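Only one structure is covered here, and it is reproduced in the block below.
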Amino acid sequence: MTAAFPALRMRRGRSAPWIRAMLAEHRLHPSDFILPLFICDGQGCEEPIAALPGVSRWTVDKIGARAREAHAAGIPCVALFPNTPGPLRTVGAEEALNPDNLICRAVKAVKDACPEIGVLTDVALDPYTEHGHDGLIDERGCVLNDLTSAVLVQQALVQAEAGADIVAPSDMMDGRVGAIRTALEQAGKCDTAIMAYAAKYASAFYGPFRDAVGSGGRLKGDKRGYQMDPANAAEALREVALDIAEGADMVMVKPGMPYLDVLAAVRKRFEVPTFAYQVSGEYAMIEHAAAAGAGDRDALILETLLAFKRAGASGILTYHALDAARLIAG
Ligand SMILES: NCC(=O)CCC(=O)O
Ligand SMILES: [Mg+2]
């Protein structure tokens, strides 16, 4: 039992900045963020991404400077996503296994320029397939689980060999975390961590990302045969349990804001490092809302990111990482 009004006045704890700071239950810190970076082919280029105002693709020679900038802002890790040149996209996604592909060159460039920062790579075939699906498909366009998983294992090994610290399977194939973990162990890559996109929903919030990696216009059909139904929450707990059992070091819930209930449930149930991905459509929503005068941009950024911490996130992948880190630093 606690006291009641008037002995208890909740507003006492909100009456001045010092007491609000003292009583804050959650805080944002630059080390909460993972900054996604997009890589494009070529030399000496920054390509602004129209669907993600303020975000660009960078050529490999320019990516090291972006990593140094993130590190200087206190961000511990970057996540790399390639925009594979069209001619290299095939039905079999062979370019995903090329040890000299864009992503592998970018990993090395980041590690050369800024060895102190962590590098996370995306394990999935959508930037490499001509049809934009995350895996190999049959004649009906259905993504084949086990054949895809075998390719993802090779893709993860190629990325780990290039120097990735964390491989992050984002494809939602069943069993791929265990297969990747076993292969990493056999290859002597026992320190390469796995962040599993464990509960990834078939969401309408991924549109700008697909433009950023150039898979949007290619995608035939949708991804509901492998990504989760937004109607489901209990299923997310089963997905997470499986990925932990298979050897995931960290799990992720994606998208972010519309799935805070799932994030909170996962964190409460499993108590493993749990990340949220505030995805491209969420970023765009904030940018467009602020540009339209519907809210203060900085406040919208910090409030949404703090909500992930409140829900139990260990960290957040966000395109606002640099802005947020600088805002927090003041
Ligand atoms: N595998 C990474 C993503 O799919 C990101 C989606 C987004 O930011 O919309
Ligand atoms: Mg799964």
* Asked: Is it fair to say Pro6 is free of Cβ contacts under 8 Å to residues at least 24 places away in the same chain and under 20 Å from Arg210 (Cα atoms)?
  -> no
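Residue-by-condition table, conditions (1) within 16 Å of ligand 2 (Cβ to nearest atom); (2) surrounded by 17 or more Cβ atoms within 10 Å (Cβ to Cβ):
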position	(1), (2)
Ala162	no, yes
Ala187	no, no
Tyr201	yes, yes
Gln227	yes, yes
Ala245	yes, no
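Conditions (1) aliphatic (A, V, I, L, M); (2) crowded, with 24+ Cβ neighbours inside 10 Å; (3) over 22 Å from Val55 (Cβ atoms), marked per residue:
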| position | (1), (2), (3) |
| --- | --- |
| Pro85 | no, no, no |
| Thr90 | no, no, yes |
| Ala93 | yes, yes, yes |
| Asn98 | no, no, yes |
| Lys111 | no, no, yes |
| Cys114 | no, no, no |
| Thr121 | no, yes, no |
| Leu125 | yes, yes, yes |
| His131 | no, no, yes |
* What is the number of the single condition among (1) within 16 Å of ligand 1 (Cβ to nearest atom); (2) assigned to a helix (DSSP H, G or I); (3) not small (Gly, Ala, Ser) that Pro127 does not meet? -> (2)
* Asked: Between residues in region 160-178 that are on the phi > 0 side of the Ramachandran plot and residues that are basic (Lys, Arg), which pairs lie under 9 Å by C-beta distance while being six or more apart or on different chains?
  -> Gly163/Lys108; Gly163/Lys111; Met172/Lys200; Met172/Lys223
* Are any of the residues in region 111-124 out of contact with any helix residue (DSSP H, G or I) (no Cβ under 6 Å at 6 or more places or on another chain), hydroxyl-bearing (Ser, Thr, Tyr) and either modelled with pLDDT of 95 or more or not in a helix (DSSP H, G or I) (or both)? -> no
* Test for Ala321: is it within 15 Å of ligand 1 (Cβ to nearest atom), hydrophobic (A, V, I, L, M, F, W, C) and in contact with a Leu (Cβ under 8 Å, 6 or more places away or on another chain) -> yes
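Give region 64-83 a look and list any residue that's within 15 Å of ligand 1 (Cβ to nearest atom) and either at pLDDT below 95 or surrounded by fewer than 16 Cβ atoms within 10 Å (Cβ to Cβ) (or both), or say none.
Step one: of region 64-83, the residues within 15 Å of ligand 1 (Cβ to nearest atom) are 77-83.
Correct list: empty.
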* Enumerate the pairs (first residue in region 278-292 and touching a residue at least 60 places away in the same chain (Cβ under 8 Å) and charged (D, E, K, R); second residue anywhere and away from ligand 2 (no atom under 16 Å from the Cβ) and part of a helix (DSSP H, G or I)) with beta-carbon separation below 7 Å, excluding pairs fewer than 6 apart on the same chain, so at least 6 apart or on different chains. => Glu282/Phe205; Glu282/Met257
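Within region 89-101, can one find any residue that is closer than 16 Å to Asp243 by Cβ, more than 16 Å from ligand 1 (Cβ to nearest atom) and among the polar types (S, T, N, Q)?
At the first step, the residues of region 89-101 found to be closer than 16 Å to Asp243 by Cβ are none.
Scanning region 89-101, I find no residue that is closer than 16 Å to Asp243 by Cβ, more than 16 Å from ligand 1 (Cβ to nearest atom) and among the polar types (S, T, N, Q), so the answer is no.
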* **Lone qualifier among Ala313, Ala265 - being within 19 Å of Ala248 (Cβ to Cβ), touching a residue at least 24 places away in the same chain (Cβ under 8 Å), in contact with a helix residue (DSSP H, G or I) (Cβ under 9 Å, 6 or more places away or on another chain) and not in a helix (DSSP H, G or I)** => Ala313
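More than 19 Å from Phe275 (Cα to Cα) and surrounded by 24 or more Cβ atoms within 10 Å (Cβ to Cβ): does that describe Gly207? Steps first, please.
On the way: more than 19 Å from Phe275 (Cα to Cα): yes; surrounded by 24 or more Cβ atoms within 10 Å (Cβ to Cβ): no.
Here the answer is no, as Gly207 does not meet what is asked.
Which one is farthest from ligand 2 (Cβ to nearest atom) among residues in region 168-181 that are of a type outside the set (Gly, Ala, Ser) and over 21 Å from Pro273 (Cβ atoms)?
Step one: filter region 168-181 for residues of a type outside the set (Gly, Ala, Ser), giving 169, 171-174, 176-177, 180-181.
Right, trim to over 21 Å from Pro273 (Cβ atoms) and you get 173-174.
Values: Met173: 7, Asp174: 6 Å.
Filtering first and then ranking leaves Met173.
Condition first: small (Gly, Ala, Ser), outside any strand (DSSP E or B) and buried (at least 21 other Cβ atoms within 10 Å of the Cβ). Can you find one or more residues in region 44-63 that meet it? First the steps, then the outcome.
Here is the first cut: in region 44-63, the residues small (Gly, Ala, Ser) are 44, 50-51, 54, 56.
Keeping just the survivors that are outside any strand (DSSP E or B) gives 44, 50-51, 54.
In the following step, the residues that additionally are buried (at least 21 other Cβ atoms within 10 Å of the Cβ) were identified as none.
Checking region 44-63: not a single residue is small (Gly, Ala, Ser), outside any strand (DSSP E or B) and buried (at least 21 other Cβ atoms within 10 Å of the Cβ).
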* Within region 23-40, is there a residue that is farther than 26 Å from Gly315 by Cα, out of contact with any His (no Cβ under 9 Å at 6 or more places or on another chain) and either surrounded by 10 or more Cβ atoms within 10 Å (Cβ to Cβ) or among the polar types (S, T, N, Q) (or both)? -> yes
* **Tabulated pairs, region 183-208, first closer than 18 Å to Ala236 by Cβ and in contact (Cβ under 8 Å) with a residue 40 or more places away in the chain, second in a strand (DSSP E or B) and more than 16 Å from ligand 2 (Cβ to nearest atom), C-beta under 6 angstrom, 6+ apart or interchain** => Met195/Ile166
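The values are calculated or read from the model by the stated rules, or taken from the named source; none is laboratory data. Everything numeric in this text was worked out from a predicted model, so none of it was measured. A quick note on method: Cβ atoms are made from the backbone with ideal geometry, for glycine too, and the neighbour counts reach across all protein chains shown.
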